[in-house]
1. Over the chain, what is the mean sequence separation of C-alpha contacts under 8 Å (at least six apart), divided by residue count, expressed as relative contact order in percent?
2. Measure nothing but the geometry: give the 0 to 90° angle between the long axis through the Cα atoms of 60-76 and the longest principal axis through the Cα atoms of the chain, rounded to 10°.
3. Over the heavy atoms of residue 59, what accessible area does a 1.4 Å probe trace out, to the nearest 10 Å²?
4. For the chain, what is the calculated [θ] at 222 nm in deg cm²/dmol (nearest 500), taking -39500 (n - 2.57) for each run of four or more DSSP H residues and dividing by its residue count?
5. Residue 279 accessible area, nearest 10 Å², 1.4 Å probe?
6. So if I take the centroid of the Cα atoms in segment 1-21 and the same for segment 135-163, what is the distance between those two points in Å?
7. If ligands, DNA and RNA are left out, what is the accessible area of residue 79 with a 1.4 Å probe, given in Å² to the nearest 10?
8. With all protein chains present, how much of the accessible area of segment 78-134 (probe radius 1.4 Å) comes from carbon and sulfur, to the nearest whole percent?
Amino acid sequence: MTCDALVIGGGIAGASVAYALTRKHWRVTVIDAGMHTASHVPSALVNPVRGQSGGVDARAPEGMALTWALVRDLAAQGYAVPHARSGVVRPLPDDRTRARFERNLPETLPHHWLDHNQRPKALAGHWPHALQLPGGGWLDGQALCRALLKASGASLVKARATAWDAQTVTLHDGTLLKAQAVVWCGGSVGSTWAGEDATHRMGTLLTLERAASKVPLSFGAYLAPAAQGGVLGATFEAPAKHWVPPQLPLNSLSWLLGKGAALSNLETLSVTGRWTGSRLSGLQAGKDAHGVWRLSGLSSKGFLLGPLLAFELAAQVRAAPPLRGG
Ligand SMILES: Cc1cc2nc3c(=O)[nH]c(=O)nc-3n(C[C@H](O)[C@H](O)[C@H](O)COP(=O)(O)OP(=O)(O)OC[C@H]3O[C@@H](n4cnc5c(N)ncnc54)[C@H](O)[C@@H]3O)c2cc1C
């Protein structure tokens, strides 16, 4: 039997769910407002060792493997996603931070501590330690979402959904869509549109005329290659209860430039543009009390865990019982 699903949101969560469901022979329609998609980050790290705490999600190796496998499968189907599985280098400022990272690193996660002569030339010389994570890398978030949506064969509806339940979605113009399952993947902006209180964090990437380093460098902020040139970025604004329109206060810009300059010499690089987005914390993956399936709150791990969690959710999605009288 072929089932129909409506997926709200076409970021990495929704696009991956659509791709996974169509692999299970579901007919999928993706409804996306086409606005404020955090997943359109010009260059996202696939980085298993997080932030300045060095925390490693137990599912990071599995998630990373699935993301790269997807990129490879899409390329085999003719959908190129700019990326490089180049590894990621995490320079660390002191012995205490190294000790913390070492405590968190599982033996199963390939990693090397680099001597000074093994480090990327672009990395500034003052860092006492540098951890290399050979399984990581960077990818173009927008290109990956676009490729997943196209390869899924899902129908796309560019509209904002204003109401939904286990089997219907109402669009802002009053159109009612019906299906056997509804999956909500609305991300940061969608959570606020839905009237939820949650934790949102805004960040900015400056796009650069060329990459400062071929291998992504990350501590505080990250420098990475992109499809064109490179980026300097971070998610650094104070957490907020709601999504707010993109902004880049001058003191944030100055903070970002300082973090970038600590990683590498940026003096000869020019900025070509700016991308600002907001991410949602508080992972939710499963069915809610109203029978609507949901994948959201991917936080800073959208490309590390998003596809893995989407495939797992798609494996659970079942047709809702028929509506009474329907
Ligand atoms: C500055 C920054 C840097 C980041 N860097 C990284 C990184 O290096 N590595 C990494 O793994 N992650 C990174 N992230 C996090 C990552 O981008 C997010 O975790 C991920 O993109 C969230 O994906 P999503 O699909 O849940 O939401 P989104 O990508 O935000 O997609 C939600 C979509 O749903 C649509 N939508 C919402 N509500 C509705 C509605 N009612 N009707 C119709 N459409 C709707 C929106 O328009 C949007 O297109 C970064 C985030 C930011 C902000």
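The values are calculated or read from the model by the stated rules, or taken from the named source; none is laboratory data. No experiment lies behind these values; they were computed from the predicted model shown. A quick note on method: Cβ atoms are made from the backbone with ideal geometry, for glycine too, and the neighbour counts reach across all protein chains shown. Accessible surface areas use protein heavy atoms only, side chains included; no ligands, DNA or RNA. Shrake-Rupley method; radii C 1.70, N 1.55, O 1.52, S 1.80 Å.
1. Working: 764 pairs, mean separation 84.1, N = 326.
Taking the mean separation of contacting Cα pairs over the length of the chain, I get 26 percent.
2. 70
3. 70
4. Calculated from helices alone, the mean residue ellipticity at 222 nm is -8500 deg cm²/dmol.
5. About 50 Å², ignoring ligands and nucleic acids.
6. A separation of 10 Å, based on Cα centres.
7. 70
8. Result for segment 78-134: 48 percent of the exposed heavy-atom area is carbon or sulfur.
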